[in-house]
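Contents: one structure, followed by commentary.
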2 protein chains.
Amino acid sequence: MKKREIPDIIVSRLPVYLRALRRMQAQNQQTTSSQELGEQVGISAAQIRKDLSQFGEFGKQGTGYNIAFLVGKLREILQVEHAWDVALVGMGDMGHALARYQGFSDRGFRVAMVFDNDPEKIGKQVGEFIVRDAREIGNAIREAGIKVAMLCVPATIAQAVTTQLVEAGVRAILNYAPISLSVPAGVRLQYLDPSIGLQRMTYYLD
Amino acid sequence: MKKREIPDIIVSRLPVYLRALRRMQAQNQQTTSSQELGEQVGISAAQIRKDLSQFGEFGKQGTGYNIAFLVGKLREILQVEHAWDVALVGMGDMGHALARYQGFSDRGFRVAMVFDNDPEKIGKQVGEFIVRDAREIGNAIREAGIKVAMLCVPATIAQAVTTQLVEAGVRAILNYAPISLSVPAGVRLQYLDPSIGLQRMTYYLD
């Protein structure tokens, strides 16, 4: 099946299914149902069946989904069977947090290099990394063939750094800067925005 | 309309629409279409029209949506017309970043108090806050009537702190700890998970 045939909205739900399935796996659970998965992720069982059916026949009527099989399939679809090297730019508070974040391992990512433009930070150790000069971004990323980056720089320079990253070959950017960015067609961009997370809950508060 | 009648999946998209609309507003744009909005957020125009129609008649055939009106409506629906006080627990890297984050203002939130259990951190200044002793969480939150919290503690104590927060009256938790949490019915929980953001993009990489 060609990639473009799957709507973005479905692709965006698959990592959430994957996370829930891996939680079940960690608890030694073998099988699940669209009903149970739906309750855990807050999406209807019908929607889950419909989403997964886009990619093939994963479940059996009556016996549900084999979790290990479905996890393998989702990792394959999302292309996270192997770890992607990730460049991290901006070593302020958020950059520090991400450089030491324990939640990437075994989910398809590995921070490979970290950058900042502050002479006070360049050459210093953060977690297991030595902070590199942001002027090296282009060459370093091109040389390593890195396609994925996380952006934690101030809003004022976020667009300029984004342009550098894209020119160096980055095709997927996770943006923590509180600003809207422009990228050319073919480059993916996701925002990690705490206000969005909070607004998704206030609707339900009395 | 009763809150429970709106599916969670639709509610979860409204903050994304709101952010895009506010960007348009910041560029002095007056009106938009479901087509344009859809292109900006990566959701089909039909889906957007369907989502918004759950809440009333917002657009006019041919003239599109008045942005200021729709922003006002979405803020009203999401209950972010006024700022919610937020408690921030865990003053590691991520907590520091959030205490100084500039993206909450005017989006419905205000960090009101910050906590940690580390004697080295308690009493110290972070941004405009003095870090309070985590043992005060219960009383402080109850007294201030705080309903919203952000959790940036290590995974090992995340569930214990969550239980404390809920007992103190918190009803919405944004979790940065890389661990799955249990909350009683009626308490909302959102995960801000960088791996999910990254996995939503790797699908598209060659």
Quick one: longest stretch of chain B between exposed loop GluC sites (Glu not before Pro), exposed meaning at most 14 other C-beta atoms within 10 Å and loop per DSSP? B:129-206
Whose amide H sits under 5 Å from the amide H of A:R188, counting only residues 5 or more places off or on another chain, with H placed in the peptide plane? A:A172, A:I173
Along the positive direction of the dipole of chain A (beta-carbon charges: Lys, Arg +1; Asp, Glu -1; about the Cα centre), which of A:Q79, A:N175, A:I67 reaches farthest? A:I67
Starting from the Cα gyration tensor of the stretch B:107-206, take the square roots of the eigenvalues, sort them a ≥ b ≥ c, and report rounded, prolate or oblate (rounded when a/c is under 1.5, otherwise prolate if a/b is larger than b/c, else oblate). prolate
In the protein assembly as shown, what % of DSSP beta bridges are antiparallel (nearest 5)? 25 percent
With x for Gly and Pro, the residue-by-residue ³J(HN,Hα) of the stretch B:49-57, computed from phi through the Karplus equation 6.51 cos²θ - 1.76 cosθ + 1.60 at θ = phi - 60° and given in whole Hz, is 4, 5, 4, 5, 5, 4, 10, x, 9
Sparse-neighbourhood loop hits (trypsin sites (Lys or Arg not before Pro), the stretch B:69-166; DSSP loop; Cβ within 10 Å at most 14 others) -> B:K124
Defining the label point at 7 Å along Cα→Cβ, can you sort the distances from B:G186 to the same site in each other copy, shortest first, in nm? 5.5
With the label 7 angstrom out along Cα to Cβ, how close does B:G138 come to the same site in each of the other copies, in nm, nearest first? 6.0
Computed about the Cα centre, the charge dipole of the stretch A:84-195 from +1 Lys/Arg and -1 Asp/Glu charges at the Cβ has a magnitude in debye, to the nearest 20, of 260 debye
Mean Cα-pair separation over length for chain A, i.e. relative contact order, pairs under 8 Å, 6 or more apart, %: 14 percent
Give me the inter-chain shielding for B:147-153: mean count of other chain Cβ atoms within 10 Å, whole number please. 2
Assigned charges on the beta-carbon of Lys, Arg, Asp, Glu; the protein assembly as shown dipole about Cα centre (debye): 940 debye
Relative contact order of the stretch A:1-110, pairs being alpha-carbon contacts under 8 Å that are 6 or more residues apart, as %: 25 percent
Charged-residue dipole, Cβ positions (Lys, Arg, Asp, Glu), chain A about Cα centre, Debye nearest 20: 560 debye
Given H placed on each backbone N at 1.01 Å, which residues far from A:F109 in sequence or on other chains put an amide H within less than 5 Å of it? A:W84
With θ taken as phi - 60° and the coefficients 6.51, -1.76 and 1.60, list the Karplus ³J(HN,Hα) couplings across the stretch B:151-162 in order, rounded to whole Hz; mark glycine and proline as x. 10, 10, 8, x, 4, 4, 10, 4, 5, 4, 5, 4
Is the protein assembly as shown best put as rounded, prolate or oblate by its Cα gyration tensor, with a ≥ b ≥ c the root eigenvalues, rounded for a/c under 1.5, and otherwise prolate when a/b is larger than b/c, oblate when not? rounded
Measuring from a point 7 Å out along Cα→Cβ, what nm distances, shortest first, does A:A46 have to its partners in the other copies? 1.6
Helical mean residue ellipticity (222 nm; -39500 (n - 2.57) per DSSP H run of 4+; nearest 500) of the protein assembly as shown: -12500 deg cm²/dmol
Within the stretch B:1-157, what percent of beta bridges assigned by DSSP are antiparallel, to the nearest 5? 35 percent
List, in order, the whole-Hz ³J(HN,Hα) value for each residue of the stretch A:195-203 obtained from phi through the Karplus relation with A = 6.51, B = -1.76, C = 1.60 and θ = phi - 60°; use x for Gly and Pro. 5, 5, x, 5, 5, 6, 10, 5, 3
Could you name the aspartates and glutamates whose alpha carbon sits less than 16 Å from that of A:K73, not counting residues in the same chain fewer than 8 places away? A:D51, A:E57, A:E81, A:D106
At a 10 Å Cβ-Cβ cut-off, how would you order B:V89, A:V166, fewest neighbours first? A:V166, B:V89
At R0 = 41 Å, FRET efficiency that the Cβ-Cβ distance of A:L205 and A:A144 yields, to 0.05: 0.35
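Only the coordinates and a few stated rules stand behind these numbers; no lab work does. In this text the structure is predicted, and so the values were computed from the model without any measurement. Please note: Cβ atoms are built from the backbone with ideal geometry, for glycine as well, and neighbour counts cover all protein chains shown.
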